[in-house]
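Engineer: First, the structure itself, so that you have it in front of you.
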Amino acid sequence: MVVRNVRVVHGVLIVLIVLTAFAQGGSGAQAQGAGILVRHRAPIDRALDFQLAALQAEFADMKTQKRASTRMVEGDTFSMNARYLTGAEAAQIHKTITEFYFVRDGSATLVTGGAIVNKAIRGGVERVIKPGDVVFIPPGVPHAIRETTGISYLNIHFGGTD
């Protein structure tokens, strides 16, 4: 129980960092890892800030490069990802990862719950997400962006590595 509470507190702290990231300053070097562009490894001795202008520039670059994801910061069991999607994505489910979506721009139809059949969700809950919306997805819940003409969001993963 203590380990679970520590993980929840850790995840909440990460979410709070993201919420304040829009008003903070900072930049970092570019690195490449595991098939996804990684901008920063999570420091253990200092805070890491993300200026709004830097986030806007990242999303603009993603659109130009047609890159769906950039890992803005990576830790051992957590990450913050900038995501830009057009169209649909394959449904996914995580055994141990908890996710938050913070929608910045655009809109999409998000489907959660149900069951994954042929990379799509059957029987889930469908709703439109738009700027300002925050979505919480616990481990074990299928989820997918079913359709969008373009959506930008920050995606926080914590609590696992699957």
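Engineer: For segment 86-100, name all the residues that are among the polar types (S, T, N, Q) and either buried (at least 19 other Cβ atoms within 10 Å of the Cβ) or more than 20 Å from Glu58 (Cα to Cα) (or both).
Structural biologist: Gln92, Thr96, Thr98
Engineer: Here's another thing I want to ask about it. Exactly one condition in (1) at pLDDT 95 or above; (2) more than 17 Å from Glu89 (Cα to Cα); (3) within 14 Å of the chain's Cα centre (by Cα) is not met by Pro131; state its number.
Structural biologist: (3)
Engineer: Answer yes or no as to whether Lys95 is of a type in the set (Lys, Arg) and without any contact (Cβ under 8 Å) to a residue 40 or more places away in the chain.
Structural biologist: no
Engineer: Okay, next question. Considering only residues that are touching a Gly at 6+ places or on another chain (Cβ under 7 Å), assigned to a loop (DSSP other than H, G, I, E, B) and surrounded by fewer than 18 Cβ atoms within 10 Å (Cβ to Cβ), which ones fall in segment 49-85?
Structural biologist: Within segment 49-85, Asp49, Thr77 qualify.
Engineer: Would you mind finding the one in Val103, Val111 that is modelled with pLDDT of 95 or more, more than 17 Å from Leu154 (Cα to Cα), out of contact with any helix residue (DSSP H, G or I) (no Cβ under 6 Å at 6 or more places or on another chain) and buried (at least 18 other Cβ atoms within 10 Å of the Cβ)?
Structural biologist: Val111
Engineer: How about segment 114-150: which of its residues are surrounded by 16 or more Cβ atoms within 10 Å (Cβ to Cβ) and part of a strand (DSSP E or B)?
Structural biologist: Ile116, Ala120, Ile121, Ile129, Val135, Ile137, His143, Ala144, Ile145, Arg146, Glu147, Thr148
The values are calculated or read from the model by the stated rules, or taken from the named source; none is laboratory data. These figures come from a predicted structure and were not determined experimentally. Counting neighbours? That spans all protein chains shown, and the Cβs are built from the backbone with ideal geometry, glycine included.
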